[in-house]
1. Write down the accessible area per residue of the stretch 76-149 in Å², having rolled a 1.4 Å probe over the full set of protein chains.
2. Could you sort T126, T117, T75 by their accessible area in this structure, using a 1.4 Å probe and putting the largest first?
3. Using 0.36 nm times the number of residues separating W16 and R99, minus their current alpha carbon distance, what extension gain do you get?
4. Between A58 and D131, with labels modelled 7 Å along Cα→Cβ, what's the label distance in nm to one decimal, could you check?
5. Stretched out fully, how many nm does the piece from F116 to R144 gain, at 0.36 nm a residue minus the Cα gap?
6. Run the accessible area of the stretch 78-120 with a 1.4 Å probe and give the carbon-and-sulfur part as a rounded percent.
7. Which order do you get for I104, I24 if you rank them by accessible area with a 1.4 Å probe, largest at the top?
Amino acid sequence: MKHGDRDDIARSAALWMARAARGILSHNMLIAPIPLHWTRLLKRRFNQSALLADGIAAATGLSHCPDLLIRPRRTPPLKGMDQEERFARLHKGIGLHPRRRHRIAGRDVLLVDDVFTSGATFTAATEACLDGGAARVCVLSLARAAPDA
């Protein structure tokens with residue numbers, strides 16, 4: 001999606017993800033994408049995670065907050081970094097949007113991303129949600145990157 005500039009597959013991928021996630025969804029869950037830093041969003045033109053989260057919300061009827069999380073600082077691309085480097089780079093690299101904190105108080109949150117690699121991105125986003133008062137955080141990705149052999 002992101003490297004092939006293929007935002008056209010987001011809707012069908014989101015439907016598939018919504019079906020796969022049925023077992024972890026709750027009636028009051030808030031769906032939020034993993035954010036991009038604004039400079040990366042300008043370069044890429046779309047946030048693939050936001051497109052997927054929007055489609056999942058539409059398919060499930062659950063609430064959606066596309067800007068629940070922010071990346072307050074630009075981090076380098078994580079491609080090629082090992083797990084320890086990824087976690088170090090993303091430590092406190094994702095935060096809760098200060099004007100959206102009220103949206104998650106006591107609620108379950110479903111974080112959506114396109115690819116799960118090391119878990120560093122989901123960990124940083126989960127910590128931000130829990131620090132902001134989320135009751136429970138679940139994660140959902142379209143794909144899992146194969147670990148290096």
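1. 56 Å²
2. Per-residue accessible area, sorted high to low, gives T117, T126, T75.
3. 26.8 nm
4. With each label point 7 Å from Cα toward Cβ, the separation is 3.3 nm.
5. Stretched fully, the F116-R144 segment lengthens by 9.6 nm.
6. Values: 1180 of 2470 Å².
Its accessible area is 48 percent carbon and sulfur atoms.
7. On the way: I104 0, I24 60 Å².
Listed by decreasing accessible area, they come as I24, I104.
The values are calculated or read from the model by the stated rules, or taken from the named source; none is laboratory data. Computed from a predicted model, the values in this text were never measured in an experiment. FYI the Cβ positions are ideal-geometry reconstructions off the backbone, even for glycines, and counts take in every protein chain you see. Note: areas computed on protein heavy atoms with side chains; ligands, DNA, RNA excluded. Shrake-Rupley method; radii C 1.70, N 1.55, O 1.52, S 1.80 Å.
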